[in-house]
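Quick notes on the structure that follows.
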Amino acid sequence: MIEIAKKISIPLARFSLFLIYFWFGILKIVSESPANPLVDALLEQTLPFLTFNQFIVCFAIFEMVIGILFLIPKAQKIVVALFFLHMITTVLPLFVLVDQTWQSFLTPTLEGQYIIKNLVLIALVVSLISQTKLKIQGAK
């Protein structure tokens, strides 16, 4: 079982990240993302010169590109940089839109929980980076 897990862990991690990013990007484009109102509120606070429709399409494509790049092992450096840039933008509402992301001290709203779950994605990407580096070092 451990050997199987070793063989599939990196491809599974890459596919999972692709699926999450691509799927959530598509939901934004077709205006079905439950995150759209939060994105709109954050946009008003941070980039008021852009319209929501302009921004959401660009942001959705950005997410979909991140997803696709996770499937390409040789694109790891660029996708990790884009991923952490995305994580910075997705954490902003916890500090900028406090009324929408926190019910009370240490009690997030559903939107806040949606953002905080990104810690799992960060852990997965850090694990992916460390495993890929170990694999490269092992091959030398």
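Any read-out appearing in this document is the output of simple, stated calculations on the displayed coordinates, not a laboratory observation. Keep in mind it's a predicted model, so treat the numbers as computed, not measured. All Cβ positions, glycine included, derive from the backbone under ideal geometry; neighbour counts span all protein chains shown.
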### Query
What number goes with the only condition from (1) touching a Leu at 6+ places or on another chain (Cβ under 9 Å); (2) surrounded by 17 or more Cβ atoms within 10 Å (Cβ to Cβ); (3) under 20 Å from VAL120 (Cα atoms) that LEU71 does not pass?
(2)
### Task
Kindly state which helices (runs of 4 or more DSSP H) lie completely within the stretch 1-117 and contain at least 3 residues that are under 20 Å from ILE129 (Cα atoms).
2-29, 52-70, 76-91
### Query
Does any residue in the stretch 108-127 that is without any contact (Cβ under 8 Å) to a residue 24 or more places away in the chain come within less than 7 Å, Cβ to Cβ, of a residue that is surrounded by 13 or more Cβ atoms within 10 Å (Cβ to Cβ) and assigned to a helix (DSSP H, G or I) six or more places away or on a different chain, and which pairs are these?
PRO108/THR101; PRO108/ILE116; THR109/GLN100; THR109/THR101; GLY112/LEU94; GLY112/THR101
### Query
If a residue has to be without any contact (Cβ under 8 Å) to a residue 40 or more places away in the chain and closer than 15 Å to ILE115 by Cα to count, how many in the stretch 16-33 make the cut?
2
### Message
Quick check on my filter: what residues within the stretch 1-41 are surrounded by 15 or more Cβ atoms within 10 Å (Cβ to Cβ) and among the β-branched types (Val, Ile, Thr)?
### Response
ILE10, ILE20, ILE26, ILE29, VAL39
### Meets criteria (more than 11 Å from the chain's Cα centre (by Cα) and hydrophobic (A, V, I, L, M, F, W, C)) for VAL80
no
#### Entry: In the stretch 102-116, residue nearest to the chain's Cα centre (by Cα) [restricted to those that are among the aromatic types (Phe, Trp, Tyr) and surrounded by 10 or more Cβ atoms within 10 Å (Cβ to Cβ)]
TYR114
### Query
Among the listed residues PHE55, PHE49, which satisfies the condition of being surrounded by fewer than 11 Cβ atoms within 10 Å (Cβ to Cβ) and farther than 28 Å from ALA13 by Cα?
PHE49
## Note on the structure
Quick count over the stretch 110-133, residues being farther than 22 Å from ILE10 by Cβ, β-branched (Val, Ile, Thr) and touching a Phe, Trp or Tyr at 6+ places or on another chain (Cβ under 9 Å), is 0
### Residue match in the stretch 14-37 (condition: within 14 Å of the chain's Cα centre (by Cα) and over 21 Å from THR89 (Cβ atoms))
yes
